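Right, one structure below, let's go through it.
Each value in this text was obtained by applying a stated rule to the coordinates, not by laboratory testing. Everything numeric in this text was worked out from a predicted model, so none of it was measured.
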Amino acid sequence: MAGRSSEYAATQDAAASQSGDAVGGGCAECHTGNWIHVRYEYTEGDPVGDAVFVVQAPNDGEPGGTVLAEGVITIGPDAEHDFVHVDLGAHSGAVEVFVFDDPTEPVPFEEPQPVADERNWLQSAADAVMSGAEWTWDVAQGDFNENMSTGQIITNAIVTAVPVVDQVADARDLIANGKALIWDRRYTEIGVWVGVFACLIGLIPSLGSLAKGVIKLVWRNAGEVGKILIYINKALHRTGMRVNGYRFLKNLADDLAGHVGFVTQKFDEFLDTCLNRIPRWTGDTLRATIERVRGMAKDMFPRVAQEIRERILRGLAGFASRAWRVMPGQGIIIRRAMQATRQTYSVWQDTMRRIGFDKAAREAGAEPIDAATSQFLRNQDRLAAQWAEELLADPNLPRYLRDQAEASPDFFRRQMATFGSKPHYESFTPNQSLYRVIDKADGHTGSFWSKSMPPDDEALWRARDAVKNDWNEAGAFIRAEVPPPPAGFVGEIAPQALENHPGQMLRGGGEQVWLPGPRTGAVSRDQVKDYWHTAWNDRAPSNPSRASIRAGNPNECDR
């Protein structure tokens, strides 16, 4: 049939080849047994192109059930079919359908040239780490500051979806993170360990560069998991690779703990090679450092695997639509909201208060304190004092930040304890946007901000940003433009133990921007440009997606 997309053809050709005698030229064989039809459209009725659908066994309307089918909804404006046909196989009874919506096209990314030196990859990286040569800025940036978009990173990972360990970027990542651990002694920064873990997990044949790209993006921002899923499905379906993104991400999350042994083994090999290449002029100190790093890896890699797992699962759940229940033989039309759920306001609205919010309840997103977090919390004050001292010793620290820190050294040190690793300082560009979740009209006076809007799930937000109930009822969020102030401290958010719920914590791990300044706040009211209700505020006006269910028709999706 002319005009059919390659994805639709791949889904339908096998069934269509069995018979051409159905009413209207459709295929009778593919419309016996268990099947449903899926369509995703705008309010006006036009189809949404290139979204991803997932069909699962019933799971009370929440993503996370047993996946029965998934794919790309490839219905375009000129398509000759109206629905995607989904064969449910041996499954009997009701199913649930949900969608992921981000029709942005991936940006092609050209793969870098292979490394000219074809010696063993780990040995080559160890040579570079132990050479004692001057570190270039490109290498010193490390693994997670690449100037690539989400689409570019994941498309690059898809292109090299098998282990390709001789790439410039892969070698650079391991070298950068190896330097950070061995030479810079950044043992406490989990981001460095994530870099090593992501790089070495790419050596596993069943995961390869695709897993590495996912981990890099998830660590950068767990809220991008939905976009990652879209890119995987769209790009792989276009190349003919029958990898399903949702199941890949879900299985990756579930299997990460099982790969810790492999990563640890490869890291041991890397460190052994580093030991064999210790420069003569370094003495025994460097050898002791390498052995310390080896010992810490046994604790850090399991922590990294658990953290990445939780970020993937939170991201998948937070980005999906709600799940609708469908019976075999039915068609479902999921209709997207005409406008964004978030409505912008110029001033504070009374509906942004949360009526009946229970501050004493256990925080959404709370979880048991694990051993690694317990150790961090014991060392938190010592680390904060160390970071404060190191920042004040930095001759390039912006004058505004230095003045604020020196005006109240004890307060400065206490605020350092809100970070999970040593923060860095940034000078703001004109009209740069910062966001803050608030619960009252003067919420702009707070000191902690974010570079991005909060996610749509309160549990994800509270866990990521480590915000207790009695600190913030979180009925709204705002956007302000800076400078002023001219600069701030940016870094990973520390975990927060919950005193009212012993043994529980909010894990943190997101990114915060701390704006030191006067008691009235570093941001003035006239700098606030927009207000929104938070997505979890029950008083917020919303236009959620909705669905209609009806009997399926063989003529609506076949030739």
How compact and how long is the range 350-533, expressed as Rg and Dmax of its alpha-carbon atoms in Å?
-> 16.4, 50
Using the C-alpha gyration tensor of the range 402-444, what are the square roots of 5 times its eigenvalues, in whole angstrom, with the largest one first?
-> 22, 16, 13
Part-to-part distance (alpha-carbon centres) for the range 495-518 and the range 409-445, which is given in Å | 13 Å
For the range 263-397, with equal point scatterers placed on the C-alpha atoms only and solvent neglected, what are the log10 I(q)/I(0) values from the Debye formula at q = 0.12, 0.19, 0.22 1/Å, to two decimals?
-> -0.96, -1.30, -1.31
Residues whose built amide H sits under 5 Å from the amide H of residue 35, excluding neighbours closer than 5 in sequence, are 88, 329
Convert each backbone phi in the range 380-396 into a coupling constant with the Karplus relation 6.51 cos²θ - 1.76 cosθ + 1.60 (shift: θ = phi - 60°), then list the ³J(HN,Hα) values in order as whole Hz, x for Gly and Pro.
-> 4, 5, 5, 5, 4, 5, 5, 5, 4, 5, 5, 5, 5, 7, 6, x, 8
Go from 0 up to the bin containing the longest alpha carbon distance in the range 487-559, width 10 Å each, and give me the % of pairs per bin.
-> 12, 18, 29, 18, 10, 11, 3
Using all Cα-Cα distances in the range 49-98, what percent lands in each 5 angstrom bin from 0 up to the longest?
-> 4, 21, 27, 20, 15, 9, 4, 0
Reachable lysines from residue 440, Cα under 23 Å, same-chain residues fewer than 8 places away excluded?
-> 359, 451, 468, 529
Rounded if a/c is under 1.5, else prolate if a/b is larger than b/c, else oblate: which is the range 435-543, with a ≥ b ≥ c the root eigenvalues of its Cα gyration tensor?
-> oblate
